[in-house]
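Engineer: Sharing a structure, written as structure tokens. Questions coming.
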Amino acid sequence: MSVKTLRARLTLLLAMAMSMATLLSSIAYLSNSRAEDRLAKAFAEELAHLTELPAHRGRLRQVDLTTDNYLLTLDPEWLSKRQAAITLFEDSHIRLGKMIHDPKETKTWEEILPQFRRYVALQEKIIARAKAGTLTSSRAVAATIANEDVDALIEKMSLFGKLSFYQIDTRRRAARETALATFFLVLAFGLSGSVLVAAATARIIIDPLLKLRQEAAQWRLGEPWILEMDGQSPELQSLLESFRSMAAKLNEQYEQERQAGRLKSQLVSGVSHEFNNALTIIHTAHALLQESSPASAETAEWHEMLTANIKALSGMATNLLNLGRLESGKFSLEVHRVQLPGVLKSSFERLGMLGRRKKQDLRLEIAEDLPAVTADPDALSLVVANLLTNAFKYTHEGGLVALGAEVKPDGRVEVFVRDTGIGIAPEEREKIFSGYYRTEEGKRAAKGFGVGLTLTRMILEAHGTHLELESAPGKGSKFSFALPPHDPKAPSDFVG
């Protein structure tokens with residue numbers, strides 16, 4: 001397996017990390033085990049020494065006691081017991097001395113035996129005088145009482161009990177410090193190893209992926225993929241090649257769609273222009289017809305029908321033409337201070353005949369004292385006309401269509417068109433804004449191109465706002481948008 005592949009590098013990296021962790025764990029285990037063994041051994045020796053000390057001091061007392069008994073009774077049997085006690089004390093003292101490992105303690109312990117022997121030698125002189133009969137009873141009693149040397153030796157041996165406890169505590173602390181040192185050493189190596197593993201992982205995987213993400217975030221449709229990363233693993237090179245291939249395919253599709261969109265815009269603009277010219281001729285002819293032959297009671301309805309349909313077709317043509325201009329970037333806004341009531345009433349009166357023909361309930365709900373807004377009045381009239389036209393078309397005879405405006409709590413002015421028409425299903429709400437799309441229910445209810453809402457949304461987005469929709473199938477719809485109040489000092493943020 002080549003170490004150039006990403007899998008091989010990661011496997012090698014993880015193997016090294018696991019090996020290091022195993023080695024450090026083994027070192028820590030062995031170190032702690034040895035420290036515990038040394039502490040246990042030292043504790044056992046110190047405990048044995050402490051256990052033997054009272055008996056050892058008792059043997060010294062036994063030597064002194066047998067001597068005193070002999071001086072008081074002059075019974076030779078006590079001399080044999082005394083000699084046995086001396087031998088037992090010396091042997092025990094040598095054996096206990098081997099349990100001591102501290103040089104200072106060993107030296108102090110070894111000093112006890114010569115002192116004991118000097119004390120025994122002094123006793124020998126007193127015993128010799130007692131055998132010779134030159135030691136009176138009173139002096140024998142005084143000799144038995146004067147045992148300061150024995151008390152001094154016993155006190156010195158008692159100090160070893162305290163020293164043993166001190167040694168045990170010292171060794172326990174040393175073992176604890178050793179364990180802590182081993183822990184911190186393992187921790188330091190572990191942290192260092194983690195940093196190295198993280199750095200290696202970052203270099204092998206994260207850095208190339210970050211470069212790839214940065215390039216992907218900066219890349220735009222129509223631009224070539226320029227990122228090159230030499231010396232990377234085959235997996236990353238393959239991923240990079242996949243991104244390059246995907247970018248090439250997207251660019252190719254984007255170019256095709258761009259050309260198709262350009263052709264569509266040109267076609268829509270041409271058709272709508274010719275359509276508008278034809279409507280202008282029809283409108284002019286109708287106007288001349290009305291002038292030459294004034295409408296009678298019988299023909300008034302037909303003239304009104306012609307006028308309404310000419311206005312509807314003119315609105316469709318205008319929508320197509322403006323949509324083509326927006327898509328090609330030729331549609332511009334001329335924003336200034338606008339009083340909404342005038343714009344809304346004008347649109348409502350101009351298009352009201354479409355609703356009156358279907359005997360709909362038409363309502364104008366404009367709040368009083370509306371603040372002025374900043375907008376393009378012609379574009380705003382087109383937006384309201386599109387929303388009203390849709391409401392009239394998709395609301396059944398006798399239904400309700402309302403146009404209104406009110407001030408929202410945040411100070412913006414909301415314009416809305418509400419109806420009791422066919423409504424829009426949730427899954428189709430986004431589709432109706434995409435352009436050239438109409439729902440099946442909408443196709444059955446009225447004719448159209450399906451561009452009115454798309455044009456409306458694009459105009460409102462150019463004003464810095466967006467179109468809101470509340471609707472349910474069979475329960476009508478409410479389209480609304482909000483505009484900020486006019487501020488003559490504020491810079492214009494609108495799209496021109």
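Engineer: Could you list, in sequence order, the residues of region 338-358 that are of a type in the set (Lys, Arg) and at pLDDT 90 or above?
Structural biologist: LYS345
Engineer: Oh, and also: Condition first: more than 23 Å from ALA462 (Cα to Cα) and touching a residue at least 12 places away in the same chain (Cβ under 8 Å). Can you find one or more residues in region 403-417 that meet it?
Structural biologist: No, region 403-417 has no match at all.
Engineer: Cβ-Cβ below 7 Å, separation at least six or inter-chain, first residue in region 120-149 and of a type in the set (Lys, Arg), second at pLDDT below 80 and not in a helix (DSSP H, G or I): which pairs?
Structural biologist: Pairs that qualify, where the first residue is of a type in the set (Lys, Arg) and the partner is at pLDDT below 80 and not in a helix (DSSP H, G or I), are ARG129/LEU135.
Engineer: So in region 467-496, with the set limited to residues that are aliphatic (A, V, I, L, M) and at pLDDT below 85, which one is surrounded by the fewest Cβ atoms within 10 Å (Cβ to Cβ)?
Structural biologist: ALA490
Per-residue answers, yes or no, for (1) surrounded by 14 or more Cβ atoms within 10 Å (Cβ to Cβ); (2) in a helix (DSSP H, G or I); (3) under 50 Å from the mean Cα position of the chain (by Cα):
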{"site": "VAL343", "(1), (2), (3)": "yes, yes, no"}
{"site": "GLY355", "(1), (2), (3)": "yes, yes, no"}
{"site": "GLU368", "(1), (2), (3)": "no, no, no"}
{"site": "LEU382", "(1), (2), (3)": "yes, yes, yes"}
{"site": "LEU388", "(1), (2), (3)": "yes, yes, yes"}
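Engineer: Still on this model: Among the residues of region 216-275, write down those that are small (Gly, Ala, Ser), at pLDDT below 75 and either touching a Pro at 6+ places or on another chain (Cβ under 6 Å) or in a helix (DSSP H, G or I) (or both).
Structural biologist: Once the filter is applied, which keeps residues that are small (Gly, Ala, Ser), at pLDDT below 75 and either touching a Pro at 6+ places or on another chain (Cβ under 6 Å) or in a helix (DSSP H, G or I) (or both), region 216-275 yields ALA216, ALA260, GLY261, SER265, SER269, GLY270, SER272.
Engineer: Still on this structure, I have one more. Name the residues in region 77-92 that are loosely packed, with under 15 Cβ neighbours inside 10 Å and polar (S, T, N, Q), would you?
Structural biologist: Within region 77-92, SER80, GLN83, THR87 meet the criteria.
Engineer: Select, from PHE416, PHE392, the only residue that is in a strand (DSSP E or B) and on the phi < 0 side of the Ramachandran plot.
Structural biologist: Exactly one of PHE416, PHE392 is in a strand (DSSP E or B) and on the phi < 0 side of the Ramachandran plot, namely PHE416.
Engineer: Could I ask something else about it? May I ask you to list the residues in region 406-430 that are within 15 Å of LEU362 (Cα to Cα) and not polar (S, T, N, Q)?
Structural biologist: Within region 406-430, PHE416, VAL417, ARG418, ASP419, GLY421 qualify.
Engineer: Here's something else I'd like to know. Please verify whether LEU362 is assigned to a helix (DSSP H, G or I), at pLDDT 60 or above, of a type in the set (A, V, I, L, M) and over 48 Å from the mean Cα position of the chain (by Cα), treating the condition exactly as stated.
Structural biologist: no
Engineer: Inside region 68-180, counting only helices (runs of 4 or more DSSP H) that do not spill past its ends, which hold 2 or more residues that are modelled with pLDDT under 75?
Structural biologist: It comes to 137-145.
The values are calculated or read from the model by the stated rules, or taken from the named source; none is laboratory data. This one's a predicted model, so the numbers in the text were calculated from it and none came from an experiment. Cβ sites come from the backbone with ideal geometry, for glycine too, and all protein chains shown count toward neighbours.
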